[in-house]
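Read the structure below first, then the notes.
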Amino acid sequence: MLGVCYYPEHWPERFWKRDAERMMALGIRHVRIGEFAWSRLEPARGQFDFGWLDRAMDILHAAGLKIVLGTPTATPPKWLMDEYPEIAPVDDQGRVRGFGSRRHYSFSSDVWWKESTRIVEIVATRYGQHPGLEGWQTDNEYGCHDTTLSWGPEDLKAFRRWLRLRYQSPEQLNEAWGSVFWSMEVQSFDEVTLPNLTVTEPNPAARLDFWRFHSDQIAAYDRMQCDIIRARSPGRWITHNFMGFVNDFDHWKVAENLDLASWDSYPIGFVEKFPFTEEERTRWAETSHPDIAAFHHDLYRGVGRGRFWVMEQQPGPVNWAPWNPVPKPGMVRLWTMEALAHGADVVSYFRWRQAPFAQEQMHAGLNLPGLDELSTGGREAEQVAGELARIGSLPESAKAPVAIVYDYETYWSLMIQPQGKDFRYEELAFRWYEAVRRLGLDVDFVAPGASLSGYRLVLVPCLMHVSEAARTAFEKADGVVLYGPRTGSRTRNFAIPENLPPGPLMDLVGLRVTQVASLRPGLAHAIKGAIEGEAVRWRDHVETSSEVLAHFADGGPAIVRHENHLYAAAWTEGDTLAALIRHCVEQAGISATAVPDAVRIRRRGPLAFAFNYGLEPYVLAEEGPFLIGEKTLMPQSLAVWRVAAAD
């Protein structure tokens, strides 16, 4: 269940056999290679050097390792960029983002698609039947470094083509976009411009379509690679390594191409990326927040239809965050076991050996740079391998009692028109997830429109556009459903619904929103009733004939219930959000036990896992017997025990 990312092209060939043997001795059984190797495979157009990769794969296979091979399209070589400079992406200020690092391509370039098809076909044909090949990774980290959107001539050409297929006529485009406003109407698709470099705010409907277009481009580009691989490498699975807190494209759609999802877990680095308070950032600087990794494990288990890997697991300090502390002792072990507790098939560390050169030389590996000497993270990986050998094979994850509906298009919509500067979709969803996990409960993520059957509580932090499929799924839900603010507040074309928000959900929740208010920091509206506290950041002003569970101080409804559907007309956090989620859990009849804010519980079939991110020991209620650890859970430690059955 352990793997590692390896770059044979970075090391003398005399290292390879010894490295492979040491991986096996450490307990590693899977190795990912090749995702950045285009310039070594094809140093000049049509001049290939496969010998080194042939030998590397043979050596790894002979040692007993299962190989995951990456397609090398994340790093177009210099000769290709010189031949076709139009491949390069363009930022929203019209500046070319050129060669010199990675991901220097636009998904819209026809030439790039042609060249990608060519190299993937060549690599898949040569290695698709290799006996050591277990699976494939397409490209590497779509969207990393803000590379989903591009604003160049190639993007404009492809965007116009996409719009023609979507709208058929300029008249339908103008109607969908509301282009009569500010005299933005066009008479042909060739008049459409990119939604950037405008004097003031561009048309939000045009921006949303531009985001949809790029997301569709990524899904189609990935599908092209998957189709080639399946034709030339039958019997091997395909994945892509998604990222943490990257919502720029629809992961649900890309995953339709894949056999399983994977993601790259850097829990400490993400502390700096997420909009935590400075107090929280300092508190979790050397351990990470207890829900950062778990949130993504559960999300990508859902995206992968029950199967996911951690393709890159942080093994020590990283190099790319504003600050990069050393993880506290025990954290690499804890993160590894936590991923497995959440259903991961494999946890693969990045990387085998720290590179002593180039951009990532400050990024730790399982070995010190240039040496056959395990790092601190490497020794913890070795410990995990021994513990896994004692546990044996892990059971399948059971369906969780709670589901969160997660929508990428809502993220785009709120980036386009937040109305309140601090209304961030990913933060809202994360805090709702955190509140559930603080009650010791497991969580599944589902796409809008997916079946909600069997979930006792469904959380919808925000879903701006409620499709017909999503509305049907909510209506058929047999558990309690809680909707957050701004749900149903836009149509497919980014307009306010004719019947007012929540649009298609109006009859399910029995209310309508007549005004909205974004609340600046320091401004809060008190909430009284079954849930008490305050609204911050956002408030919906609603009219309702349904049961009002809580009011604002001015008498306006704050929490409304109609049968099994509840609507929260406010952004809540802290104790207020905790009270709201606890109320819904109780209404759903779910048995829950609160845990300290630094402790988390997760079940995988008949196994239960506990993790302590904090500074103080925590005494578990369970008496064991414990497979790993003990009743007293020490800081940065974990415990595993067997329970009678999962709920």
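Laboratory data are not the source of any read-out in this text; all were calculated from the coordinates shown. It should be emphasised that the depicted structure is a prediction, and the values quoted were computed from it without experimental measurement. We place every Cβ from the backbone using ideal geometry, glycine too, and count neighbours over all the protein chains shown.
Using the Karplus equation 6.51 cos²θ - 1.76 cosθ + 1.60 (θ = phi - 60°), what ³J(HN,Hα) coupling, rounded to whole Hz, does each residue of the stretch 175-180 give in order, writing x for Gly and Pro?
Result, rounded to whole Hz: 5, 5, 8, x, 6, 4.
Among 221-231, 15-25, how do they line up by average Cβ neighbours within 10 Å per residue, starting with the highest? Kindly include the intermediate steps, with their values, before the conclusion.
Working: 221-231: 19.6, 15-25: 17.3.
Taking the mean over residues of other Cβ atoms within 10 Å, the ranking is 221-231, 15-25.
What spacing in nm lies between the two simple spin-label points modelled at residue 24 and residue 476, each 7 Å away from Cα in the Cβ direction?
Placing both labels 7 Å along Cα→Cβ, they lie 5.0 nm apart.
Multiply the residue gap between residue 551 and residue 58 by 0.36 nm, knock off their C-alpha separation, and tell me the result in nm, one decimal place. Let's see the in-between values first.
Values: separation 493, 0.36 × 493 = 177.48 nm, distance 6.81 nm.
Additional length available on full extension: 170.7 nm.
Within the stretch 527-603, report the GluC sites (Glu not before Pro) that DSSP leaves as loop and that have at most 16 other Cβ atoms within 10 Å. Mind showing how you got there, number by number?
On the way: sites: 532, 534, 543, 547, 563, 573, 586; in loops: 532, 563, 573.
For GluC sites (Glu not before Pro) across the stretch 527-603 that sit outside H, G, I, E and B with at most 16 neighbouring Cβ atoms in 10 Å, the list reads 532, 563.
Search the structure for amide H atoms under 5 Å from the amide H of residue 547, placed 1.01 Å from N in the peptide plane, and list their residues when 5 or more places away or on another chain.
Amide H neighbours of residue 547: 561.
If you find the alpha carbon centre of the stretch 222-252 and of the stretch 561-592, how far apart are they in angstrom?
Taking the Cα centre of each part, the stretch 222-252 and the stretch 561-592 sit 37 Å apart.
Which distance in Å, rounded to a whole number, links the C-alpha centroids of the stretch 543-558 and the stretch 15-34?
First find each Cα centre; the distance between them is then 61 Å.
Amide H neighbours of residue 628 under 5 Å, at least 5 residues apart or on other chains, H built in the peptide plane: list them.
Counting only residues 5 or more places away or on other chains, the set is 640.
Checking the table 157/273; 399/476; 78/273; 273/328; 114/273 against a 29 Å threshold on Cα-Cα, which pairs fail? Kindly include the intermediate steps, with their values, before the conclusion.
On the way: 157/273 33 Å; 399/476 18 Å; 78/273 31 Å; 273/328 19 Å; 114/273 35 Å.
From the list (157/273; 399/476; 78/273; 273/328; 114/273), the Cα-Cα distance tops 29 Å for 157/273; 78/273; 114/273.
Provide the per-residue ³J(HN,Hα) series for the stretch 326-343, in order, calculated from phi with Karplus coefficients 6.51, -1.76, 1.60 and θ = phi - 60°, each as a whole number of Hz, with x at glycine and proline positions.
After applying 6.51 cos²θ - 1.76 cosθ + 1.60, I find 6, x, 4, x, x, 6, 5, 4, 4, 4, 5, 5, 5, 4, 5, 4, 8, x Hz.
What FRET efficiency do you get for residue 518 and residue 259 if R0 is 41 Å and r is their Cβ-Cβ distance, rounded to the nearest 0.05?
Numbers: r = 43 Å, r/R0 = 1.04.
Efficiency computed from Cβ-Cβ geometry: 0.45.
Would you mind calculating the gained length between residue 282 and residue 360 on full extension (0.36 nm times residue separation, minus the Cα-Cα distance), in nm to one decimal?
Details: separation 78, 0.36 × 78 = 28.08 nm, distance 2.41 nm.
Stretched fully, the residue 282-residue 360 segment lengthens by 25.7 nm.
For the stretch 599-642, what class follows from the C-alpha gyration tensor (a ≥ b ≥ c being the square roots of its eigenvalues): rounded when a/c is under 1.5, otherwise prolate if a/b is larger than b/c, else oblate? Write down the numbers at each step before the final one.
Numbers: a/c = 2.19, a/b = 1.53, b/c = 1.43.
Cα axes put the stretch 599-642 in the prolate bin.
If each residue of separation counts as 0.36 nm, what is the full-extension length gain between residue 78 and residue 644 once their alpha-carbon separation is subtracted? Intermediate results must be reported in sequence, preceding the final value.
On the way: separation 566, 0.36 × 566 = 203.76 nm, distance 5.86 nm.
Gain on stretching residue 78 to residue 644: 197.9 nm.
5 Å is the cut-off here: which amide hydrogens, built 1.01 Å from N in the peptide plane, fall below it relative to residue 633, excluding neighbours closer than 5 in sequence?
The answer is 618, 619, 620.
Could you run the Karplus curve 6.51 cos²θ - 1.76 cosθ + 1.60 with θ = phi - 60° over the stretch 511-516 and give me ³J(HN,Hα) per residue in whole Hz, x for Gly and Pro?
7, 9, 9, 9, 8, 10
Give me the distance between the Cα centres of the stretch 75-115 and the stretch 176-213, rounded to whole Å.
Here the two parts' Cα centres lie 25 Å apart.
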